[in-house]
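Asker: What follows is a single structure, and I will ask about it in a moment.
The values are calculated or read from the model by the stated rules, or taken from the named source; none is laboratory data. In this text the structure is predicted, and so the values were computed from the model without any measurement. Here the Cβ positions follow ideal geometry from the backbone for every residue, glycine too, while neighbour counts run over all protein chains shown. What goes into the accessible areas is simple: the full protein's heavy atoms, side chains included, and nothing from ligands, DNA or RNA. Shrake-Rupley method; radii C 1.70, N 1.55, O 1.52, S 1.80 Å.
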Amino acid sequence: MAESPTAACGGCAHMNNNIILLILRKPNAGCILVTYSCVFCYTNFMIQIFGTNKSFDCKAAQRFFKERRIPFQFVDLKEKEMSAGEFDSVVTALARTEGGRDAALDALIDKKAKDYASIAYLDDSEKEGKLFENQVALMKQPVCRNGKTEATVGMAQKIWEGWK
C-alpha cells in the first residue's frame, strides 16, 4: 500500500498522512469544491462558525479558536448558507439554553440589522421562515455550533472555553 502524501487539513491545519480529499458539489452553482480534511476532523464533529468574512466578531471568534488550537470550520454565509437541518439544529441547541424555541429565534435575530423591520412585527410562527430565508441580512453573527447539542450566538468566550 502506498503512503499518502503529507498535506494540510482545510479545517484545522493538521499536517499528516491521513488526509482525505473531499469533493463537494455546490447545488445551485454547478461547480465543484475540492478541499482536504484530516481523518480527525472528518470523523469527529468539530466546531463550526457561521458568519461572514467582513464581520469583526467572526474574525475574533476564529482567532479565539486558533489561539487555543481548537479545530473549527468557518462557513461563510455569503457563499453557503445553513441548510434546513443545520438551521434547525442551531435553533434547537439554542432553545435548550434560551428557554424555548421563540427565545432562541429572538436571540438569533440581529436587532441592529438594516432589514430588521421586515421581521420585527411578524408572528413567531413566521419569524423562523423569514430568518432562514435571509440568514446573511438578519442573523446575528457569529453563530458557533459544537456538535448538534451546543450553540451560541455572538461572542461567548466563557462558553467556548469549555468546548474542545
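Asker: Take region 135-158 and flag every residue that is more than 15 Å from K80 (Cβ to Cβ) and of a type in the set (A, V, I, L, M, F, W, C).
Answerer: Correct list: A137, L138, C144, A151, V153, M155, A156.
Asker: Quick one: in region 70-87, which of the residues that are open to solvent by 20 Å² or more (accessible area, probe 1.4 Å) and part of a helix (DSSP H, G or I) is nearest to V153 (Cα to Cα)?
Answerer: Only one residue fits best here, namely E86.
Asker: Tally the residues that are crowded, with 17+ Cβ neighbours inside 10 Å, farther than 20 Å from A120 by Cα and not hydroxyl-bearing (S, T, Y), restricting the search to region 144-154. Write out each step before concluding.
Answerer: Residues of region 144-154 crowded, with 17+ Cβ neighbours inside 10 Å: 144-146, 150-153.
After this cut, where a residue has to be farther than 20 Å from A120 by Cα as well, the list is 144-146, 150-152.
Of the ones still in play, those that are also not hydroxyl-bearing (S, T, Y) are 144-146, 150-151.
Count: 5.
Asker: Return the residues of region 122-143 that are outside any helix (DSSP H, G or I) and open to solvent by 70 Å² or more (accessible area, probe 1.4 Å); say none if nothing qualifies. If you could, list the steps in order and put the result at the bottom.
Answerer: Restricting attention to region 122-143, the residues satisfying the condition of being outside any helix (DSSP H, G or I) are 122-123, 134, 139-143.
Of everything in region 122-143, those that are outside any helix (DSSP H, G or I) and open to solvent by 70 Å² or more (accessible area, probe 1.4 Å) turn out to be D123, K140.
Asker: Checking the condition in contact with a Pro (Cβ under 8 Å, 6 or more places away or on another chain) and charged (D, E, K, R), which residue from D115, D57, D102, D106 passes?
Answerer: Numbers: D115 fails: in contact with a Pro (Cβ under 8 Å, 6 or more places away or on another chain); D102 fails: in contact with a Pro (Cβ under 8 Å, 6 or more places away or on another chain); D106 fails: in contact with a Pro (Cβ under 8 Å, 6 or more places away or on another chain).
Answer to the selection: D57.
Asker: Using the structure shown, decide if I49 is surrounded by 13 or more Cβ atoms within 10 Å (Cβ to Cβ), assigned to a loop (DSSP other than H, G, I, E, B) and of a type outside the set (K, R).
Answerer: Working: surrounded by 13 or more Cβ atoms within 10 Å (Cβ to Cβ): yes; assigned to a loop (DSSP other than H, G, I, E, B): no; of a type outside the set (K, R): yes.
So I49 fails the test.
Asker: Here are the criteria: (1) hydrophobic (A, V, I, L, M, F, W, C); (2) open to solvent by 20 Å² or more (accessible area, probe 1.4 Å); (3) over 17 Å from the mean Cα position of the chain (by Cα). Tell me which single one I119 does not satisfy.
Answerer: Just one mismatch for I119, condition (2).
Asker: Can you tell me how many residues in region 116-142 are of a type in the set (S, T, N, Q) and over 12 Å from T52 (Cα atoms)?
Answerer: The first filter runs over region 116-142 and keeps only residues of a type in the set (S, T, N, Q), leaving 118, 125, 134-135, 141.
If we keep only those that are over 12 Å from T52 (Cα atoms) too, we end up with 118, 125, 134.
Adding up the residues that qualify gives 3.
Asker: Among what's in region 53-69 and is polar (S, T, N, Q) and within 13 Å of the chain's Cα centre (by Cα), pick the residue that is least open to solvent (accessible area, probe 1.4 Å).
Answerer: So the first thing to find is which residues in region 53-69 are polar (S, T, N, Q), and the list is 53, 55, 62.
Then keep just the ones that are within 13 Å of the chain's Cα centre (by Cα); that gives 53, 62.
On the way: N53: 83, Q62: 34 Å².
Looking at the filtered set, the residue picked out is Q62.
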